Amino acid sequence: MELVNLSVDRIIIHQVFKRDEEGKRVAPLQSHDFVNFDNSAMTAFKSRVINALGDNSGAAPMTIVNQGPTDVPTLVNVIVEQSDDDFAVSSFDFAEKLANAQLRRDLLGGILVIFTGNYGAPRKKYLGIIKAEIYSGYEVTRDPDTNEISLNYIEDLLLAPSSRMYKTAAFLSKSVDTDTPPDLNDKWSVLLSDFQMSTKAQYFHEGFLGCGHPETSARTTKQFYDSTRKFIRAMDVKPVEKNDLLNALTTYLKVDSSPTASVNDFATKYFNTDTQDQFGDYMDTAGIPRTAFTKDIVDIEKNLKTRKVKFKSNVNISAPSDAFKNLVVIEPIEGDPEENGTVPEWTRVIIKDSIVDQE
Amino acid sequence: MNEADLKALWEVEKPIYAAWGGYVVERIIADMGDVGIDSNVVLKIKPVPRLKDANSLVDKALYRGKSYEDPYNEIEDKVGARFVVLLLKEIDQICEIINNCTNWRMDPCRHFAAEQKEEPLLFTYQSVHYILRPKDAIEYQGIKIPGTTTCEIQIRTLLQHAHAELTHDAIYKAKNNIRPEIHRTVAKTMALIETTDGFFKEVVEKLSSGPLDELGIMPRLDSIYQLLTGLDSHTQKSALIIWEVYEAFIDDQLVGNIQQYIDRTPALADIIRTRYPENVLYQQSTVLFLCWMLKKRKNRLLDLWPLSMDLLQPLAADIGVAINE
């Protein structure tokens with residue numbers, strides 16, 4: 001799903017608040033007029049959206065779960081077709097829904113940005129939702145008379161370039177057709193970018209958006225694992241480096257705390273620049289999406305459990321992944337010269353443990 | 001024909017020669033434009049047709065010991081113009097234009113390259129000379145020009161011109177005998193000039209030889225761009241900076257790969273057409289290369305990007321690629 005040629009037609013904002021000290025819901029604040037950005041502000045806004053949801057972003061596709069008449073996916077399906085006046089009013093329903101979903105007292109308030117427009121060719125509709133946390137910062141001011149610069153403290157800043165401070169979701173119409181099928185998943189694709197994507201942030205994608213992780217996650221994770229392993233094995237690097245990268249792949253999928261994974265994320269963590277691009281190409285060809293996906297290792301648990309290294313002479317070393325990474329050191333050494341003078345490559349293996357048994 | 005007759009005839013015919021000289025210069029400049037050579041850039045001295053001074057005509061006709069039978073008509077440089085360029089290659093281009101024009105007849109021209117072959121040990125004045133006559137009598141700016149009217153065109157490099165300027169007045173017209181060591185020094189300057197012109201040629205050839213030119217990337221992308229958007233591409237210097245940085249990505253697959261990306265991205269034509277009026281980057285076919293890089297070689301693109309990120313960010317947003325590093 002490519003967000004090509006995204007246009008933004010209407011933007012409206014509402015404010016949601018943290019629960020009060022007794023844990024009671026605070027009513028959100030409604031605005032009634034659309035936000036009018038000038039050219040450069042609009043360009044920056046679009047960049048924020050694409051950097052959150054576009055190719056190589058951390059956004060992951062989600063599945064629509066809640067499809068009741070007052071659930072957010074149903075609201076999206078209705079509101080996106082409404083006139084400007086109706087849209088301005090009914091967009092506030094999203095703020096109400098979010099205030100309801102923020103059940104825990106520690107969840108921060110913020111500005112809820114609701115926007116609509118078109119994307120792709122032919123043009124298809126979408127509705128975007130950003131929950132932007134408000135933070136403080138400084139702006140540079142310049143005295144026009146003295147030309148002195150100074151700093152002015154600002155309490156209400158939002159939507160900085162780093163997407164860590166906001167959650168972005170988009171409902172993207174899959175076709176130009178406006179009919180509503182029985183299952184909204186047939187009409188809408190959902191992308192979600194949430195830096196926190198953890199159980200703490202479940203209120204947003206489950207409670208508020210009514211979405212869940214796609215059932216295909218396990219399959220995608222396995223495809224990612226298989227293709228990445230193939231790519232690493234075929235790389236033109238020393239066996240030791242391959243060993244490190246294979247260890248890294250296991251760690252990335254099994255131990256890394258982030259609930260999502262992506263081609264770009266793995267590449268930038270473990271490959272150099274050119275290999276990153278080659279890896280992207282390779283994964284494109286293998287059909288692995290460029291968006292993030294929810295990690296689900298159920299289909300590869302066995303593979304991740306043990307790491308194996310095989311030698312030409314049928315010598316095998318296998319160990320639980322963690323032990324392999326921490327206790328096994330493999331390095332190539334020069335062997336004794338053969339009769340014709342060539343020096344064979346041997347391998348020195350250090351196992352940081354003692355032998356307990358042998359057959 | 002005595003001195004007075006010569007002068008009288010020259011006074012009468014001057015406007016005809018002025019018209020012919022004007023026509024020839026104008027025609028060559030127009031033909032340069034037609035083959036895509038910007039005369040304002042290539043010609044280092046503006047070519048102006050110059051009529052021979054009456055006294056100098058008389059001097060050449062009667063007193064320089066030249067054995068003319070019909071001096072007035074045999075002197076062919078009564079009007080002349082000079083085309084001075086930087087590079088030897090540009091001399092060839094102008095010669096080709098003159099050779100291809102069918103509006104005049106020309107005498108076998110004098111070319112320094114031929115002279116070098118005949119006298120390989122000699123280092124002396126170098127220039128290309130043409131004598132041009134109208135193929136048929138023509139009328140230009142209200143003046144009838146008969147087919148016997150001549151015009152001399154000289155074509156040379158700046159360095160050859162500098163040598164000619166020095167030697168013409170200081171040596172050939174010198175009243176005293178020139179000492180041999182001065183001749184020797186002048187010959188040495190021409191040897192040096194020939195060497196330098198050769199080096200200039202080498203530099204330009206090396207500069208323009210790279211995969212971008214060898215594979216004809218720009219013209220191919222220009223035509224893809226035109227076909228896609230219906231708009232003309234106007235390549236700026238900034239594009240050359242971009243190509244220089246990403247030269248490693250130029251290979252014979254590149255244009256095909258870019259075409260594949262375009263075929264898969266139907267929204268691209270609209271994106272470019274919409275941004276075209278307001279953003280220089282979108283007015284250049286290089287934008288297609290950048291889109292492909294953003295999709296396929298994003299990390300390397302960002303790593304080496306030589307211009308402001310503000311240029312790249314809107315393009316990335318337009319084609320839906322996140323670049324929030």
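The values are calculated or read from the model by the stated rules, or taken from the named source; none is laboratory data. Given the structure is predicted, the values throughout are model-derived calculations rather than measurements. No Cβ is skipped: glycine too gets one built from the backbone with ideal geometry, and neighbour counts run over all protein chains shown.
Regarding B:Ala81, is this residue within 26 Å of the chain's Cα centre (by Cα) and surrounded by 17 or more Cβ atoms within 10 Å (Cβ to Cβ)? Yes: the conditions hold for B:Ala81.
Of all residues in region A:279-292, those that are farther than 10 Å from A:Thr228 by Cβ, more than 9 Å from chain B (Cβ to nearest Cβ) and at pLDDT 90 or above total 0. From the list B:Ala269, B:Ala239, B:Ala316, the one residue that fits, being away from chain A (no Cβ under 14 Å), in a helix (DSSP H, G or I) and either among the basic types (Lys, Arg) or within 27 Å of A:Lys46 (Cα to Cα) (or both), is B:Ala239. The residues of region A:54-71 that are within 23 Å of A:Ser258 (Cα to Cα), more than 7 Å from every other protein chain (Cβ to nearest Cβ) and in contact with a Gly (Cβ under 8 Å, 6 or more places away or on another chain), listed by number, are A:Met62, A:Thr63, A:Ile64, A:Val65. Of all residues in region A:71-113, those satisfying the criterion of being without any contact (Cβ under 8 Å) to a residue 24 or more places away in the chain and hydroxyl-bearing (Ser, Thr, Tyr) are A:Ser83, A:Ser90.
Can you spot a residue in region B:274-281 that is of a type in the set (A, V, I, L, M, F, W, C) and out of contact with any Ser or Thr (no Cβ under 6 Å at 6 or more places or on another chain)? For region B:274-281, residues of a type in the set (A, V, I, L, M, F, W, C) and out of contact with any Ser or Thr (no Cβ under 6 Å at 6 or more places or on another chain): present. Here is the figure for region B:299-308: residues that are facing another protein chain (nearest Cβ under 10 Å) and under 39 Å from the mean Cα position of the chain (by Cα) total 5. Examine region B:250-265 for a residue that is part of a loop (DSSP other than H, G, I, E, B) and within 15 Å of B:Asp318 (Cβ to Cβ), and state whether such a residue exists. Yes, region B:250-265 contains a residue that is part of a loop (DSSP other than H, G, I, E, B) and within 15 Å of B:Asp318 (Cβ to Cβ). Residue count for region A:131-162 under the criterion of being assigned to a strand (DSSP E or B), free of Cβ contacts under 8 Å to residues at least 40 places away in the same chain, under 21 Å from A:Val35 (Cα atoms) and not small (Gly, Ala, Ser): the result is 5.
Looking only at residues of region B:281-298 that are under 23 Å from A:Met283 (Cβ atoms) and not aliphatic (A, V, I, L, M), we find that the one that is nearest to the other protein chains (Cβ to nearest Cβ) is B:Arg297. Of everything in region B:242-260 that is of a type outside the set (S, T, N, Q) and within 11 Å of chain A (Cβ to nearest Cβ), the residue that is surrounded by the fewest Cβ atoms within 10 Å (Cβ to Cβ) is B:Ala248. Considering only residues in region A:27-39 that are exposed (fewer than 14 other Cβ atoms within 10 Å of the Cβ) and in contact with an Asp or Glu (Cβ under 9 Å, 6 or more places away or on another chain), the one that is nearest to A:Ala99 (Cα to Cα) turns out to be A:Ala27. The single condition among (1) within 14 Å of A:Ile129 (Cα to Cα); (2) without any contact (Cβ under 8 Å) to a residue 12 or more places away in the chain that A:Asp177 does not satisfy is (1).
Within region B:288-313, restricting attention to residues that are assigned to a helix (DSSP H, G or I) and touching a residue at least 60 places away in the same chain (Cβ under 8 Å), the residue that is farthest from A:Phe279 (Cα to Cα) is B:Leu288. Counting the residues of region B:177-222 that are among the charged types (D, E, K, R) and over 30 Å from B:Leu254 (Cβ atoms) gives 6. Taking the numbered list (1) in contact with a Gly (Cβ under 8 Å, 6 or more places away or on another chain); (2) exposed (fewer than 14 other Cβ atoms within 10 Å of the Cβ); (3) within 14 Å of chain B (Cβ to nearest Cβ) in turn, A:Leu103 passes all entries but (3). Only a single criterion out of (1) surrounded by 14 or more Cβ atoms within 10 Å (Cβ to Cβ); (2) farther than 26 Å from A:Leu3 by Cα is not satisfied by B:Leu207, namely (1).
If you filter region A:18-38 down to residues that are closer than 30 Å to B:Cys291 by Cβ and under 28 Å from the mean Cα position of the chain (by Cα), you find that the one that is farthest from the other protein chains (Cβ to nearest Cβ) is A:Val35.
Could you tell me how many of the residues in region B:25-44 are outside any helix (DSSP H, G or I), aliphatic (A, V, I, L, M) and surrounded by 12 or more Cβ atoms within 10 Å (Cβ to Cβ)? Going through region B:25-44 one residue at a time, the tally reaches 2.
Restricting region A:250-269 to residues that are assigned to a helix (DSSP H, G or I) and surrounded by fewer than 19 Cβ atoms within 10 Å (Cβ to Cβ), which is farthest from the other protein chains (Cβ to nearest Cβ)? Looking at the filtered set, the residue picked out is A:Lys254.
Among the residues making up region A:87-106, those that are modelled with pLDDT of 95 or more and charged (D, E, K, R) are A:Asp93, A:Glu96, A:Lys97. The residues of region A:313-359 that are part of a strand (DSSP E or B) and touching a Phe, Trp or Tyr at 6+ places or on another chain (Cβ under 9 Å), listed by number, are A:Ile317, A:Ser318, A:Pro332, A:Ile333, A:Glu334, A:Thr347. Take the conditions within 35 Å of the chain's Cα centre (by Cα), acidic (Asp, Glu) and at the interface with chain A (Cβ under 10 Å from one of its Cβ atoms) and apply them to B:Glu278. Does it pass? When the stated conditions are applied, B:Glu278 passes them. Scanning region A:41-76 for residues that are at pLDDT 90 or above and small (Gly, Ala, Ser) yields A:Ala41, A:Ala44, A:Ser47, A:Ala52, A:Gly54, A:Gly68. With respect to the conditions (1) surrounded by fewer than 20 Cβ atoms within 10 Å (Cβ to Cβ); (2) assigned to a helix (DSSP H, G or I); (3) in contact (Cβ under 8 Å) with a residue 12 or more places away in the chain, A:Pro289 lacks only one, and its number is (2).
The residues of region A:1-17 that are more than 14 Å from every other protein chain (Cβ to nearest Cβ) and surrounded by 14 or more Cβ atoms within 10 Å (Cβ to Cβ), listed by number, are A:Arg10, A:Ile11, A:Ile12, A:Ile13, A:His14, A:Gln15, A:Val16, A:Phe17.
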